[in-house]
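A short worksheet on the structure shown next.
Each value in this text was obtained by applying a stated rule to the coordinates, not by laboratory testing. Computed from a predicted model, the values in this text were never measured in an experiment. With ideal geometry, Cβ positions are generated from the backbone for all residues, glycine too; neighbour counts draw on all protein chains shown.
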Amino acid sequence: MTRNVRAYAAAAVLTLLGSADARPAQAAPQEVLDQPSATADPHEWWKHEVIYEIYPRSFADSNDDGIGDLNGIASKLDYLRELGVGAIWITPCFPSPQVDFGYDVSDYEQIDPMYGTLEDFDRLVAEAKKRNIRVILDLVVNHTSDQHRWFQESKSSKSSPKRNWYIWRDGKPGGQPPNNWLALFGSPAWKLDPTTGQYYYHFFYPEQPDLNWRNPEVEKAILDVSRYWYKKGVAGFRLDAVDTLYEDPKLPDNAVIKGTDKFGRPKQDEVHNRRLPEVHDALKKLRKAADEYGAVLVGETWTNDIAELKRYYGNGDEVQLPMNFMFGMVNKLSAPEFRKQIKLVEDAGVWPVYVISNHDIVRSWNRYGDGLNNDAIAKSLAALYLTLRGTAVMYYGEELGMENNDPTRREDVKDPIGQLGWPEEKGRDGERTPMQWYPRTHAGFTGGTPWLPVPASAMTRNVALESYDPASILNFYKRLLALRRSHPALREGDYVPLLGDDPNVLAYLRRTNDAAVLVLLNMSTSIPNLRDVLAGTGLQAKLGRVLAATMRSENATVPVDAITLRPLEVLIVEIPR
Ligand code: NOJ
Ligand code: CA
């Protein structure tokens, strides 16, 4: 793993500088922050606002118990507003035994006491609204916790009215489970329950029994949950694990295919318990409920190809924002690879949703960084997903250049995946560490002991320090986010690829009838000379004005017919029309 720990020398000085929320050198102008990113249709705010993912355990701890909470998030709303995001997606904050850190929900209509109360939640929504920030929650509807009262009732007897809310089956003779399906998290997908002698199905941990979506009562209960939160002012949901909602009720074995998974088990072709067509019926119903409230659905849509991704949009009647992980998982800073992924989405004629990182994947710092130029690479990625046509979903801490902080000893691992799969699979703790606010103990996240440790690099990579450094990743994000809101070409413009199949430079134009922005990302350490980059676009300009750049001053003039880029340079230029 790349460790790019810088000197600690600045830390002492920084502590004197005080609040991380103080106005930085390059803050966006007030009028940009106050201006909602308007489009013709106000329900389509999600096309232009950046959605910021918050892992609530790790964002800000208001009561020093080492675990982040809703009041902690509320205390950072001014930071988020200044950063320039338009919505926060909070991963599950409902009551939960926390086996999968909230993705095992035991009550869908309450807040887990460790995160606060419903009143805290209402206050958070109201305070966020004052700052033009919407709140998106996480709807975990493939499964509940085994401690949810629905499951407790369901397992109590075969004749329970809730029995059919989950998937119960007899085992095969000889004490074998009903079929060969495997859980994603390292065990068979069936668990024998001694109360009734039947097995229940779980795609994830045994503590996460799958709901039976073929039961209309289940469907209704989930739609009611969604409406309950819409009525509280929630602007939408991120839909967890949608591709696993349905299983073939005849339970045929999955074919075993070549290779082993990270737990050493022979792989299976999961055709009978994943990506069933019925998923789209459920999504249409969730969308209908969302439409009653003008809400947005963001999909956790891991897909193998663009056709599969496209299906999640339905005919405009399913998920508005299915996240494109094929883009985020390119996993090398490669102009041709990113160009290809962008083209696939653009050609598909859908509204793109770009994601670089989240709480289930190693931070982009480690996946894309080369160990020498990580800052420049982080800025290049930021410029990429924040200037493309489409919605951007960003993960907390990406704006600082936060790195993964993986456990080094099995006994420190908190994520059960890491405990099960150690040492090959270290789990997801590394990408879920506390947000880095100050150059202080535990990065100022908590006055107690944080549930996960911060890396040593937090002493230099934190909001306080980066706010005062005009060249920081944080200030580059702020600049990009402000531009995205204020520049018509970045807000409304189409995407015009440039420079054909250049191996090093990803170049494109964002263009409306009246405005144009040229984006040049040198994704290599070479020094390319670009001639006539606008050839074929009909634009005649010879000179452009720098809007944002990593190696030139803002407002500098650039000769667009002959530009030499520095290694890994990012250059965003306004072209007169
Ligand atoms: C996807 C979530 O992002 C992940 O964190 C979780 O473990 C699984 N779904 C199960 O809910
Ligand atoms: Ca707390």
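Rounded, prolate or oblate, given the Cα gyration tensor of segment 147-281, with a/c below 1.5 counting as rounded? Cα axes put segment 147-281 in the oblate bin. Taking amide H positions as modeled 1.01 Å from N, with prolines and chain starts lacking one, the residues under 5 Å from Asp415 and 5 or more places away or on another chain are Arg428, Asp429. Modelled spin labels at Ala556 and Ser187, positioned 7 Å past Cα toward Cβ, are 5.9 nm from each other.
Out of every Cα pair in segment 107-171, what percent are spaced more than 15 Å from each other? It works out to 65 percent of all Cα pairs. Could you point to the residue in Gly116, Leu534, Thr449 farthest towards the positive end of the chain's charge dipole, with +1 and -1 charges on the Cβ of Lys/Arg and Asp/Glu respectively? Highest projection toward the positive end goes to Leu534. Taking Cα centre as origin and charging only the Cβ of basic (Lys, Arg, +1) and acidic (Asp, Glu, -1) residues, the dipole magnitude of the chain rounds to 780 debye. In terms of its alpha-carbon gyration tensor, segment 419-499 comes out oblate; a/c meets the 1.5 threshold, while b/c is at least as large as a/b.
Restricting the GluC sites (Glu not before Pro) of segment 420-453 to loop positions (DSSP other than H, G, I, E, B) with no more than 10 neighbouring Cβ atoms within 10 Å leaves Glu424.
Would you work out if segment 270-340 is rounded, prolate or oblate? Take a ≥ b ≥ c from the square roots of the eigenvalues of the alpha-carbon gyration tensor; rounded if a/c is under 1.5, else prolate when a/b is larger than b/c, oblate otherwise. Judged from the Cα gyration tensor, segment 270-340 comes out oblate (a/c at least 1.5, b/c at or above a/b). Under 12 Å from a label point set 7 Å out along the Cα-to-Cβ vector of Asp347, the amide N atoms of segment 296-317 belong to 306-307. Placing dummy labels 7 Å off each Cα toward the beta-carbon, the span from Asp305 to Ser526 is 3.1 nm. If only the Cβ of Lys and Arg carry +1 and only the Cβ of Asp and Glu carry -1, the dipole of segment 330-446 around its Cα centre is close to 200 debye.
Packing around the peptides 234-247, 358-371, taken as the average count of other Cβ atoms within 10 Å per residue, puts them in this order, highest first: 234-247, 358-371.
Taking only the C-alpha atoms of the chain, the Rg (one decimal) and the largest Cα-Cα distance, Dmax (whole number), read 24.2, 79 Å. For Phe203, nonlocal amide neighbours, meaning residues 5 or more places apart or on other chains whose placed amide H falls under 5 Å from its own, are Asp210. When you restrict to C-alpha pairs under 8 Å that are six or more residues apart and normalise by the size of the chain, the relative contact order lands at 15 percent.
This model, with +1 at the C-beta of Lys and Arg and -1 at the C-beta of Asp and Glu, gives segment 433-513 a dipole about its Cα centre of some 320 debye.
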